[in-house]
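Structure record follows, encoded as C-alpha cells.
The values are calculated or read from the model by the stated rules, or taken from the named source; none is laboratory data. Note that the structure is a prediction, hence the values are computed from the model and not measured. Positions of Cβ are generated from backbone atoms using ideal geometry, with glycine treated the same way; all protein chains shown enter the neighbour counts.
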Amino acid sequence: MTREARCWCGDLRLTLKGDPFYVSSCACTRCQRRTGGFFGVTVYARPEQIAARSGETQTFKLSDGSTTFHRCARCGTNLWWVPDEEDDVIGLAGGCFVGQNLPAPQRMVYTATRHPWVCVPEGLPEYEDAAPE
Ligand SMILES: [Zn+2]
Ligand SMILES: [Zn+2]
C-alpha cells in the first residue's frame, strides 16, 4: 500500500510505500514551534520506502546541525527531515498524511513541556524527555 503526504499548498508531495516502522508523538519545544501545534507526530520510514516525490524544497538546519529539515519552497510546510548522522531513516510529518489512515503513535516523548491539558491516550508509553534507545 502507499500513502501520500503533501504540504499545505499541494506543490510538495511524497509517496510512502508500506507502513512506517515507527510513529512517535513529541511535545518538545522545537516540535511545538516547528508545527505550530501542541505536539508533532513523526512517521519514521526507510529512505527506500519513498516511491515518488515532487515539488521544490528549501532546507533548514537547527543550530546544532544534527538534522536537515525539508520545507515546501512555496508554502513553507515542513514535510520531512533527515538526521545527518543516519542515512537509513527519514522522518515525515504525520499531520501531512491527511485522510491516509496512519498507524497510531507508539509513544509520546518530551511530555515535560506539553500543555497540561494535552491528553495522552491511555496505555501509550510516555517519556518526560527523549525515549530510551
Ligand atoms: Zn507547499
Ligand atoms: Zn520534538
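Please specify each residue of the stretch 1-31 satisfying the condition of being in contact (Cβ under 8 Å) with a residue 40 or more places away in the chain and more than 24 Å from VAL109 (Cβ to Cβ). Of everything in the stretch 1-31, those that are in contact (Cβ under 8 Å) with a residue 40 or more places away in the chain and more than 24 Å from VAL109 (Cβ to Cβ) turn out to be THR2, GLU4, ARG6, CYS7, TRP8, CYS9, ASP11, LEU12, ARG13. Tell me yes or no: at least one residue of the stretch 96-103 is more than 19 Å from ASP19 (Cβ to Cβ) and surrounded by 16 or more Cβ atoms within 10 Å (Cβ to Cβ). No. State whether one or more residues within the stretch 54-72 are of a type in the set (S, T, N, Q), within 13 Å of the chain's Cα centre (by Cα) and surrounded by fewer than 19 Cβ atoms within 10 Å (Cβ to Cβ). Yes, that holds for at least one residue.
Looking only at the stretch 8-28, count every residue that is touching a Lys or Arg at 6+ places or on another chain (Cβ under 6 Å), within 16 Å of ligand 2 (Cβ to nearest atom) and not in a strand (DSSP E or B) and tell me the total. Counting residues in the stretch 8-28 that are touching a Lys or Arg at 6+ places or on another chain (Cβ under 6 Å), within 16 Å of ligand 2 (Cβ to nearest atom) and not in a strand (DSSP E or B) gives 1.
Filtering the stretch 29-50 to residues that are among the hydroxyl-bearing types (Ser, Thr, Tyr) and either touching a Leu at 6+ places or on another chain (Cβ under 9 Å) or away from ligand 2 (no atom under 16 Å from the Cβ) (or both) leaves THR42, TYR44. Taking the stretch 51-133 as the region of interest, the strands (runs of 3 or more DSSP E) fully inside it that hold 2 or more residues being among the β-branched types (Val, Ile, Thr) and at pLDDT 95 or above are 57-61.
Which members of the stretch 29-41 meet the condition of being farther than 13 Å from GLY91 by Cβ, in contact with a helix residue (DSSP H, G or I) (Cβ under 9 Å, 6 or more places away or on another chain) and not in a loop (DSSP other than H, G, I, E, B)? Matches in the stretch 29-41: THR29, GLN32.
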